[in-house]
Structure formats: structure tokens, C-alpha cells
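A.B. asks: Just dropping this structure here.
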Amino acid sequence: MLYPKKSTYLFCFLMVLLGLCVALPSALSASQRQSLPSWFPSQTVNLGLDLQGGVYVLLQANMEEAKQSLWQDIRSGAAAALREAGTFPLSVVGGDTGLTFTFEDKAPMEKITETIRGVAGNDYAVKADQGVVRVSLSETGEKTFEKDMMQKALDTLRVRLNETGLKEPSVQQQGKDLINVQFPGVDDPSRIKDILGRTAKLSFHLVDETLSQTYNQSVRLPASKMALSMKREGDAMPMALVLERRAMVTGEMLSSASTSFQDGLPVVAIRFNTVGAKRFGQATAENINRRFAIVLDQEIISAPVIRDAIPGGNAVISGGFTAESAGDLALLLRSGSLPVTLKIIEERTVGASLGADAIRLGQQASLIGLLVVMLIMIVLYGLFGIYVALALVINMVLLMAVLVMAQATLTLPGIAGIILTLGMAVDTNILIFERIREECLGGLSLGQSLSQGYHHAMTTIIDANMTTFISSAVLLMFGTGPIKGFATTLIFGLVTSLFTGVVLTRLMIVRWYRRQGKQVRLPILAPVQGKNGQKLA
Amino acid sequence: MTLNLISRLPVHTQFRLRPLFWPGLALSGVAVALSIVALFIWGLAFGIDFTGGVQIELQTPHHTIDQARALAEKALPETPVSLQAFGENHVWLLKTAQTTLNQDQILAALTETFPKDTVIRRVDYVGPSVGDDLKQKGVIAVVVSMIAIMFYIWVRFEWPFGVSALVALIHDVIITLGFLSLVQEEFSLSTLAAILTIAGYSINDTVVVFDRLREFLKKHQREPLISLAEKTCNHVMIRSCFTGVTTIAALICLYIWGGAALQGFCLAMIVGILAGAYSSIFVATPLMLLLERYIQRTPKAPASVV
């Protein structure tokens with residue numbers, strides 16, 4: 001230990017140099033970074049939303065609702081297929097978890113089961129038992145369904161956000177049914193929420209005028225009709241209209257949507273694809289002078305009267321838009337509807353000024369903390385303390401460099417982790433130095449006590465760091481966002497502290513020892529024992 | 001101030017710790033009991049990370065806290081709001097519990113009532129399910145990390161050591177929670193992080209004591225355990241003190257200069273570290289002595305005569 005290899009020196013020197021180069025850009029201002037040569041590392045540390053300001057939204061997908069609409073689809077599909085096969089179920093009961101078809105006793109069960117299986121597909125368990133057929137999602141089927149829904153939702157959100165032109169939005173799945181969306185640098189979340197949260201399910205339905213006139217809450221509508229409300233400027237109460245449940249055309253049949261102007265007011269111009277255009281043309285031709293409702297997310301936007309057949313597949317949605325809201329709706333329609341409803345369950349907005357304040361305070365506290373710990377060490381251990389202080393500075397540089405290289409995110413609790421690392425890092429050195437003092441007191445020569453001190457302290461250092469490492473790892477597993485940032489800095493800090501606290505200080509002390517010659521005594525131990533060190537000179 | 005202060009300090013302290021072990025353990029027992037009582041009576045002051053609700057940090061340069069509170073109450077007449085100072089410079093933290101109003105409505109009401117120069121620095125909305133989920137995750141995280149640490153200690157030490165270390169660790173966590181409950185410091189996500197860090201870090205001191213004790217046990221097999229334990233504690237005393245001092249010094253710097261958002265974290269960490277330093281000597285060590293005595297008393301298979 002007293003005679004380290006040349007390669008050890010070289011390795012440490014290179015590590016520190018590399019650390020300095022990688023960490024340097026993060027300490028410079030943007031303009032200073034510009035003037036660095038192009039081969040120089042330019043990456044800076046990733047700042048969390050709490051430090052740079054921005055909006056964080058956590059959305060939860062409503063899987064129950066998605067499944068219910070899935071069962072609705074299978075139900076109508078199966079009914080049609082059975083009708084074709086010439087059998088009719090006595091009853092169909094649909095719950096949240098599946099469908100139950102009941103047939104009369106003599107029904108050809110095998111054929112029926114086959115038909116239903118054909119409609120439902122492979123992901124479903126179809127079980128027949130004495131005239132009753134149950135369809136449910138198999139376990140893998142349920143997983144596939146949920147995964148599929150989430151993937152589609154994520155894709156749709158990404159398309160929507162890309163088109164908004166916001167700076168680096170990030171959309172990530174979190175857990176089973178959560179989506180975590182982050183917008184650095186944004187400080188007004190309202191428009192974003194509109195874009196994120198809207199399902200954007202568009203459909204056109206014919207209005208049933210006679211039922212609409214007499215409709216109120218207590219009226220029971222036939223299954224083929226539905227009542228939806230229409231909100232208009234100036235109306236105190238939203239007006240309800242009764243519509244055909246079956247849509248003339250839906251948003252899936254759109255080929256494009258864009259903002260346009262009609263009579264000087266912003267509108268959304270839409271264009272149907274071939275199928276949509278044909279259906280829309282036919283439906284309008286058959287229902288001249290009737291009203292149809294344009295429904296977006298279970299709400300009627302407008303209900304114009306059909307004056308003429310509209311064959312070309314072009315239509316216009318008007319309804320008191322501003323230029324921005326028309327643009328957003330066009331964007332939503334272009335990107336398609338979300339397969340599941342997303343609900344905002346957590347939302348955090350940090351103003352840019354607060355983030356800047358947090359960085360400033362964090363820098364200030366880290367710097368003062370560093371100085372205070374350095375001072376304590378120097379006062380305590382003199383020359384050896386200066387070595388530790390130097391190692392601490394290198395520790396901070398390396399920690400920064402590791403954060404940059406790993407592209408970890410530095411958060412406000414992460415800064416706390418850095419400062420905590422500062423305080424904890426010197427523990428390694430205190431353990432070593434106390435051990436060296438002990439070995440020297442025990443009668444070992446200076447060289448022996450140095451080498452034995454480092455050697456014996458190692459077990460304890462590893463044990464002590466291990467427990468901290470374990471709890472940080474648990475934090476990393478269970479924590480979210482800012483807390484993950486804390487755990488990351490703490491773990492990286494443990495590693496860099498071991499390197500600087502053990503390897504670097506050892507090299508420095510060994511250098512000192514070999515320069516001094518063998519006769520020198522240990523500076524951190526009183527020369528004469530038992531006299532309270534008074535003879536220190 | 002003299003540099004190299006350490007050379008004036010003895011390598012080993014010479015405290016008569018033996019008579020203090022049992023009263024120290026008893027004191028800890030009382031402190032833990034009081035902490036549990038405090039937790040039962042007052043509970044933890046969970047912040048909106050856990051309770052859900054809306055929290056808005058705003059700055060009104062020309063208002064006192066009472067004026068700001070009056071404005072907030074005027075803006076949201078039907079919602080129970082609380083407003084407290086958050087750091088300096090007229091920054092207030094406004095909180096509402098779960099209400100029928102959503103965050104945008106609350107913000108709109110506030111911007112209408114408060115003067116133009118008000119700066120809204122931060123808005124947090126946490127839904128009710130999120131908070132419950134977090135509480136659950138937090139408890140799981142604390143339990144998992146304790147089990148993991150216990151497992152590690154178990155592998156590294158014999159069982160009486162492992163059990164004592166674990167009890168000391170639980171002691172540190174309970175004392176910290178009890179303190180947070182007593183002063184009703186807000187329990188936020190970063191406080192939870194502090195608790196978990198304490199679980200990993202406060203046990204360091206115990207590990208250092210036990211590591212050394214294990215070494216002594218090998219060297220001095222004839223000496224009674226209690227005198228070895230006393231010796232060990234004296235041997236690690238200087239290290240425990242100064243490690244505690246540097247870590248707490250760094251945390252105090254963070255408390256004073258790091259901004260209001262991290263003060264709860266610092267407070268919890270400081271209490272946890274103090275508890276950890278104390279418990280390594282006055283909880284883990286006497287407990288280990290008790291357990292060893294218990295083992296000695298229980299009849300074993302006759303040991304082979306050396």
C-alpha cells in the first residue's frame with residue numbers, strides 16, 4: 001500500500017481529468033459553453049422540472065370504461081353473427097368482466113360457441129355450459145388488451161404533443177395504467193391539459209326532433225336513441241337534444257382536419273375518407289331539412305340543418321371557436337381519438353423563477369456546506385484534513401460528472417442528496433484516520449500504521465456504505481420523480497466518495513509519507529501520550 | 001483556532017459507560033413510547049403529496065401574511081384554505097383540501113382577487129388516489145428497506161447483533177417520526193425520503209460499533225463481554241462524534257441556506273442522525289448484551305473443552 005504502482009497514479013489522474021472535463025460545461029453559462037472547442041464534452045446535467053420550471057401531469061387511463069365499450073362491440077358483433085347463423089339468444093347479459101348469452105335448450109351449442117369464438121377472437125375465453133355461453137377475457141388477453149390500450153394512448157398523445165411545437169415534451173407510461181407527461185419550460189398548463197385530456201371522439205348523429213321537444217330528465221328513451229346536451233354561448237342551462245345512437249359518420253373516417261374561416265369566424269374544416277364521404281353523402285341526401293348533431297366527447301358542438309346533400313366529403317364544424325380552440329380541435333381530430341379516457345390525477349406546475357431560485361439556493365447551500373465541512377476537517381486533522389478537503393472538492397466534481405454521463409436528472413431533493421453526500425463522505429476518512437491513530441498508538445511504525453489503518457478500516461467502511469446503499473436502492477425502486485433524483489445522487493455519491501475518500505487520499509498521504517522520510521511522526525497523534533498533548537511542538 | 005485539533009484529543013475516550021448502558025436503554029424505551037403516543041395523538045402532518053388537494057405557492061410583495069390570508073379567504077369563500085409563510089420575501093403557501101373546485105377554478109378565483117403583482121410560483125394538484133397510493137408505497141418502501149438491511153446485517157453478523165441493530169434502527173425511525181409528529185412538521189415526499197435515508201444511514205454507527213466489537217471478541221476472548229462493549233464504544237466515540245458533526249453541519253447549511261422546500265428533510269435527517277448516534281451506544285449495545293446473556297443462560301450442548 002505504501003508503494004502504489006505508477007499506473008494507479010495515472011489512472012487516478014485520468015479519472016479526475018475526465019471528471020473535470022465532463023463536469024465543466026454544467027458550471028458554465030450558455031455563452032461560455034459556446035466558446036469551448038467542439039471536441040470538448042458539451043453535455044450538461046439534466047435538470048428536473050422542479051429546478052428548471054415546467055408542468056408535470058399524471059394521467060390515469062380508465063380501463064373499466066374501455067372494457068365496457070369493448071364488451072359493447074363484441075355484443076353487437078356476436079348478435080349480428082348469430083343472426084346470420086339463424087340462432088337468437090334468449091338473453092344477453094353484459095357486465096364489466098364479460099358477456100353471458102343464454103339460449104334455449106335445443107339450440108346447437110357447438111355451432112353457437114364456434115360463431116361467438118369467431119367474433120371474439122383468440123384473446124377471449126368462450127365457455128359453453130347447458131345453453132349458457134360465457135365470454136370473458138383470458139388473463140393474457142386482459143393484459144394484451146390493457147397494454148394495447150396504453151400503447152395506443154401513448155402514441156396518440158405523442159402525435160398530439162409533437163404537433164403543438166412545445167419544447168421536448170416527454171410522455172411515459174408509469175406502472176400499469178398511468179401516463180406521466182412532462183413539459184419543461186411551460187408555465188401555463190391549461191392549454192396542455194385541454195390537448196391531453198380530451199378523448200376527441202367525434203361523431204355525427206341525426207336529431208330526433210319530436211322526442212327532443214318533449215324530452216326531459218325523467219323520459220325513458222328507447223335503446224336506439226340517446227340524449228346529449230348542447231352548450232351554447234349565453235345559455236344558462238345547456239339544452240338537451242335526442243339523437244339517434246347510430247352515428248352517420250365518425251371521427252375514424254376523417255382524412256384531414258384544419259382551421260379555416262367562414263364569415264370571418266374560425267371554423268374547423270374536415271375532410272372524410274372514401275368510406276366516410278360516401279356515407280356522409282348518402283346520409284345527407286336522405287335527410288334533407290333534418291338536423292344533425294356534431295358530437296365531440298359526448299357533447300354536442302353544433303346541430304346544423306341539412307340544406308342539401310353533401311357529396312364531396314367536405315364539411316365544416318362551426319360553434320363559437322376562437323382561432324386557437326379551432327386549431328386545437330383540428331389537431332385533436334387529426335391525431336385521432338384516445339382509445340381510453342384519461343383523467344388527470346396529479347398535476348404540478350413550477351414557475352421558471354422558482355426553479356431558478358431553487359438552483360441558486362441549492363448552489364449556495366452546497367458551496368457553504370462544502371466550505372464548512374472542509375473547514376471542520378482542516379481544523380480537526382491539519383495537513384491530512386487539507387488532503388480530505390481536496391478530495392471533497394474532487395468528489396463534488398466527479399459526482400457532477402457522473403450525473404452528466406449517466407444523464408441522470410438532478411432534482412431539488414437531489415441537491416439535498418449532494419449535500420448529504422458531502423457530510424457522509426468524510427466519514428470514510430474519519431474512520432481511516434482514527435484507525436491510523438489507533439494503530440500508531442498501539443506501537444506500529446508510521447508506515448505500518450498508515451497501511452494497517454487503511455486496511456482495517458475498509459471492512460467497516462464497506463459495511464457502513466452498504467446499508468446506505470440498500471436504502472437508497474429501495475428509494476430508487478419505489479420513489480417517483482424528485483425522490484428518484486435524490487436516490488440517484490446519493491448512490492452515485494457513495495461511489496465517488498469511496499473513490500476520493502479511500503483511493504485519492506491514500507495516494508496523497510503516501511506521497512507525503514515518502515517525501516518526509518521514515519523518521520517523521522504521525523501529525524494527527526500527540527507526540528507524548530498521557531500528557532494531554534500539551535507538548536505539541 | 002488551532003489546526004490539527006485531533007492531536008490534542010485522546011485516541012480513545014475513557015468514559016465509564018457501563019453504568020450508563022441500562023439507564024440509556026431505559027431512556028430510549030421511554031422516548032420510543034412517547035413517540036408512539038405522540039404519533040397516536042397528533043399523527044403526522046401529512047402534506048398534500050399524501051392527503052391530496054391543491055397547494056399554491058405565491059408571492060405578494062406588498063402584503064403581510066394576514067392581508068394575504070384575508071385575500072385568500074375572500075377569493076375562496078366556500079373552501080377551507082390555509083395560508084402560511086413559506087421562507088422569506090412574502091412567499092406564502094396556500095393549501096386547500098379536496099374540494100369540488102378544480103385547480104383552474106381556484107387559480108382563476110385567486111388571480112381575480114389578488115393584486116396584479118402577485119407571482120404564482122408553483123401549483124400542485126394531487127388527486128386523492130395518488131396520495132393513498134403514495135402512503136402505501138411509502139410504508140412498503142420503509143419495510144422493504146428495513147428487511148433488506150436486516151438481511152445484510154444478518155449475513156455479516158451473528159443474530160444477537162443483527163436483532164439489536166434492527167431494533168436500534170427501528171428506534172431511530174420511530175424517534176424521528178415522533179419528533180415530526182410533536183413539532184407537526186409537514187410530512188412530504190422529501191420527508192419520506194429522509195426517513196428512508198435514516199433507515200440506511202443511522203445504522204452506520206451501529207455497524208461501526210459492532211464491527212469493532214467483533215474484532216475485539218476475536219482478540220480478547222477471556223474478557224467479559226460488557227467490558228469489551230464499553231471499550232468498543234470508547235474506541236469509536238471520537239469517530240461517531242465527528243462524523244455526526246460533519247454530517248449535521250452540512251445539513252444545517254442546507255437548512256439555513258437551501259430554501260424552505262428542504263427544511264423538513266433537514267430536520268428529519270438531523271434528528272435521525274442524532275438518534276442513530278445515541279442508539280448505537282445506548283440501544284444496540286446494551287440490547288446485544290442482554291441477548292448474549294440470554295443465550296449464555298439457556299443450556300447448550302456441552303462445548304468441547306479446549
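A.B. asks: List the residues whose amide H sits under 5 Å from the amide H of A:THR411, counting only those 5 or more places along or on another chain, with H placed 1.01 Å from N in the peptide plane.
C.D. replies: Here A:GLY48 satisfy the definition.
A.B. asks: For chain A, what relative contact order do you get, as a whole percent, if you take Cα pairs closer than 8 Å and at least 6 residues apart?
C.D. replies: The normalised contact order for chain A reaches 17 percent.
A.B. asks: Going by how many other Cβ atoms sit within 10 Å of their own, how do A:ILE461, B:ILE41, A:ILE74 line up, fewest first?
C.D. replies: By the 10 Å Cβ count, ascending, the order reads B:ILE41, A:ILE74, A:ILE461.
A.B. asks: A further question on this structure: Rounded to the nearest 0.05, what FRET efficiency do A:SER255 and A:ASN289 give with R0 = 35 Å and r taken as the Cβ-Cβ distance? Could you check?
C.D. replies: E(calc), rounded to 0.05, equals 0.80.
A.B. asks: Would you work out the charge dipole size for the stretch A:201-331 about its Cα centre, treating the Cβ of every Lys and Arg as +1 and the Cβ of every Asp and Glu as -1, and quote it to the nearest 20 debye?
C.D. replies: Using only the charged Cβ atoms, the result is roughly 440 debye.
A.B. asks: Considering the zone a paramagnetic label at B:ARG297 would reach in this model (a point 7 Å from Cα along the Cα-to-Cβ line), which residues of the stretch B:208-232 have amide N under 18 Å from it?
C.D. replies: B:225-226
A.B. asks: Based on other C-beta atoms within 10 Å, arrange A:GLU434, B:GLU292 from fewest to most.
C.D. replies: Ranking A:GLU434, B:GLU292 by Cβ neighbours within 10 Å, fewest first, gives B:GLU292, A:GLU434.
A.B. asks: Mind checking B:187-198 for the average number of partner chain beta-carbons within 10 Å of each residue's beta-carbon?
C.D. replies: 5
A.B. asks: Kindly write out, for the stretch B:161-168 in residue order, the coupling ³J(HN,Hα) from the Karplus curve 6.51 cos²θ - 1.76 cosθ + 1.60 (θ = phi - 60°), rounded to whole Hz, with x marking Gly and Pro.
C.D. replies: Couplings: 5, x, 4, 4, 4, 5, 4, 4 Hz.
A.B. asks: Right, something else. Would you please give the residues with an amide H less than 5 Å from that of A:SER138, counting only those at least 5 places away or on a separate chain, with H modeled from the backbone geometry?
C.D. replies: Under 5 Å from the amide H of A:SER138 lie the amide H atoms of A:TYR124, A:ALA125, each far enough along the sequence or on another chain.
A.B. asks: Determine the distance separating the Cα centre of the stretch A:36-76 from the Cα centre of the stretch B:89-118; give it in Å without decimals.
C.D. replies: Measuring centre to centre over Cα atoms gives 27 Å.
A.B. asks: Also, I was wondering about something else. What is the angle, in °, between the Cα long axis of helix A:352-405 and the longest principal axis of the Cα atoms in chain A? Nearest 10 is fine, range 0 to 90.
C.D. replies: It is inclined by approximately 20 degrees.
A.B. asks: Right, here's the next one. So what's the gap between the Cα centers of the stretch A:148-185 and the stretch A:437-502, to the nearest angstrom?
C.D. replies: Centre-to-centre distance over Cα atoms comes out at 40 Å.
A.B. asks: For chain A, what does -39500 (n - 2.57) per DSSP helix run (n ≥ 4), summed and divided by total residues, give at 222 nm, in deg cm²/dmol to the nearest 500?
C.D. replies: -18000 deg cm²/dmol
A.B. asks: Averaged across B:156-162, how many Cβ atoms of other chains sit within 10 Å of each residue's Cβ atom?
C.D. replies: Rounded to a whole number, the mean comes out at 1.
A.B. asks: Arranged from highest to lowest average of other beta-carbon atoms within 10 Å per residue, in what order do the peptides B:7-16, B:259-268, A:251-260 appear?
C.D. replies: The densest-packed peptide leads the list: B:259-268, A:251-260, B:7-16.
A.B. asks: Relative to the first principal axis of the alpha-carbon coordinates of chain B, what is the inclination of helix B:65-75, with its axis defined by its Cα atoms, in degrees from 0 to 90 and to the nearest 10?
C.D. replies: Relative to chain B, helix B:65-75 is tipped by roughly 60 degrees.
A.B. asks: Something else about it: What ranking do B:168-177, A:3-12, B:18-27 get when scored by the average of other Cβ atoms within 10 Å per residue, highest first?
C.D. replies: Final packing ranking: B:168-177, B:18-27, A:3-12.
A.B. asks: If amide hydrogens are placed 1.01 Å from N in the peptide plane, which non-local residues have theirs closer than 5 Å to the one on A:GLU346?
C.D. replies: A:LEU58, B:GLY127
A.B. asks: Can you find, among B:VAL144, B:VAL126, B:GLY87, the residue sitting farthest towards the positive end of the charge dipole of the stretch B:61-150, where Lys and Arg contribute +1 and Asp and Glu -1 at Cβ?
C.D. replies: Result: B:VAL144.
A.B. asks: Additional query: Please list, by residue number, every one of the trypsin sites (Lys or Arg not before Pro) in the stretch A:159-249 that is coil in DSSP and has at most 16 other beta-carbon atoms within 10 Å.
C.D. replies: A:LYS167, A:LYS176, A:ARG220, A:LYS231, A:ARG232, A:ARG245, A:ARG246
A.B. asks: In deg cm²/dmol and to the nearest 500, what is the mean residue ellipticity at 222 nm of chain B if only DSSP H runs of at least 4 residues count, each as -39500 (n - 2.57), divided by the residue total?
C.D. replies: Value at 222 nm, helices only, nearest 500: -22000 deg cm²/dmol.
A.B. asks: In what sequence do B:PHE151, A:PHE433, B:PHE86 fall when counting other Cβ within 10 Å, fewest first?
C.D. replies: Ordered by Cβ neighbours within 10 Å, fewest first: B:PHE151, B:PHE86, A:PHE433.
A.B. asks: Within a 10 angstrom radius of each residue's Cβ in A:436-445, how many Cβ atoms of other chains show up on average? Whole number is fine.
C.D. replies: Taking the mean over all residues of the peptide, I get 2.
A.B. asks: Arranged from highest to lowest average of other beta-carbon atoms within 10 Å per residue, in what order do the peptides A:405-418, B:52-65, A:302-315, A:337-350 appear?
C.D. replies: Result, highest mean Cβ count within 10 Å first: A:405-418, A:337-350, B:52-65, A:302-315.
Every read-out reported here was derived from the displayed coordinates using simple, explicitly stated rules and does not represent laboratory data. Bear in mind that the values here come from a model prediction, so they are computed numbers and not experimental data. Quick reminder, even Gly has a Cβ in these numbers, built from the backbone with ideal geometry, and neighbours come from all protein chains shown.
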